[in-house]
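Read through the structure below, which is laid out as structure tokens, and then see the notes.
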Amino acid sequence: MNRRETIKGIALAAGSMIMLPAWAKSWDKQSLNTTGTLFNREQEKMLSVLSDAIIPPGDSIGALSVGVDKFLTKLFSDCYDAEIQHKIKLQLEQIDTKARNDYGTPFESCQPPKKMSIMEQFACSDNEETRETFQLIKHETIRGFRTSKIVMTEYLDYQVMPGHFNGCVEVSS
């Protein structure tokens, strides 16, 4: 056993533990969420409006109330390659352009039936690339909603460890 190496390791660990509060002190929700993303402000807003249109709040919770828009922004920015990211950006612009051309207002200002009509046109498009990109956005929105903590614990009754283990049980013969 090398005592010098052990003492160096302990000193390094102690120094790290002393510095940890100073380093973690400046963390807050805003600073963690402001990591660079792929989307600009308008595209992030469009992604929020689209996710809200796919899963509206209804009588209880919707996509925005569980943070699906933030999930999608982070997911598409970090987990998909540049080609798909470009397609998603293009799709968001096309959806807004379609709303402006058909109804004279941006997608976010349209009433729910008009939003549904536009989304159906993209979901059933003859262009395979348009259809697949919209299906990707829709699928990831639903996945983000279903796997959120609120939905999993309060609505789907998910338990990390189902059942109960009792190690001290009398065994009778």
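Per this entry, residue 39 is counted among residues that are modelled with pLDDT under 90, out of contact with any strand residue (DSSP E or B) (no Cβ under 6 Å at 6 or more places or on another chain) and surrounded by 11 or more Cβ atoms within 10 Å (Cβ to Cβ).
Select from segment 68-87 the residues that are free of Cβ contacts under 8 Å to residues at least 60 places away in the same chain, in contact with a helix residue (DSSP H, G or I) (Cβ under 8 Å, 6 or more places away or on another chain) and in a helix (DSSP H, G or I) and list them in ascending order. Those that are free of Cβ contacts under 8 Å to residues at least 60 places away in the same chain, in contact with a helix residue (DSSP H, G or I) (Cβ under 8 Å, 6 or more places away or on another chain) and in a helix (DSSP H, G or I): 69, 70, 73, 77, 84, 85, 87. Within segment 38-67, residues that are farther than 21 Å from residue 123 by Cβ have Cβ atoms under 7 Å from residues that are aliphatic (A, V, I, L, M) in these pairs: 39/47; 61/150; 66/150; 66/151, counting only partners at least 6 apart in sequence or on another chain. Residues of segment 110-163 that are β-branched (Val, Ile, Thr) and either in a helix (DSSP H, G or I) or modelled with pLDDT of 95 or more (or both): 118, 130, 133, 137, 141, 142, 150, 151, 153.
Scanning segment 111-126 for residues that are touching a residue at least 40 places away in the same chain (Cβ under 8 Å) and surrounded by 11 or more Cβ atoms within 10 Å (Cβ to Cβ) gives 115, 116, 119.
One line per residue, one yes/no per condition, for (1) surrounded by 14 or more Cβ atoms within 10 Å (Cβ to Cβ); (2) part of a helix (DSSP H, G or I):
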position: 52; (1), (2): yes, yes
position: 58; (1), (2): no, no
position: 89; (1), (2): yes, yes
position: 93; (1), (2): no, yes
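Considering (1) more than 12 Å from residue 47 (Cβ to Cβ); (2) hydrophobic (A, V, I, L, M, F, W, C); (3) touching a Lys or Arg at 6+ places or on another chain (Cβ under 9 Å), the lone condition that residue 107 does not fulfil carries the number (1).
The values are calculated or read from the model by the stated rules, or taken from the named source; none is laboratory data. Note that the coordinates shown come from a computational prediction; the quantities given were computed from them, not determined experimentally. Cβ sites come from the backbone with ideal geometry, for glycine too, and all protein chains shown count toward neighbours.
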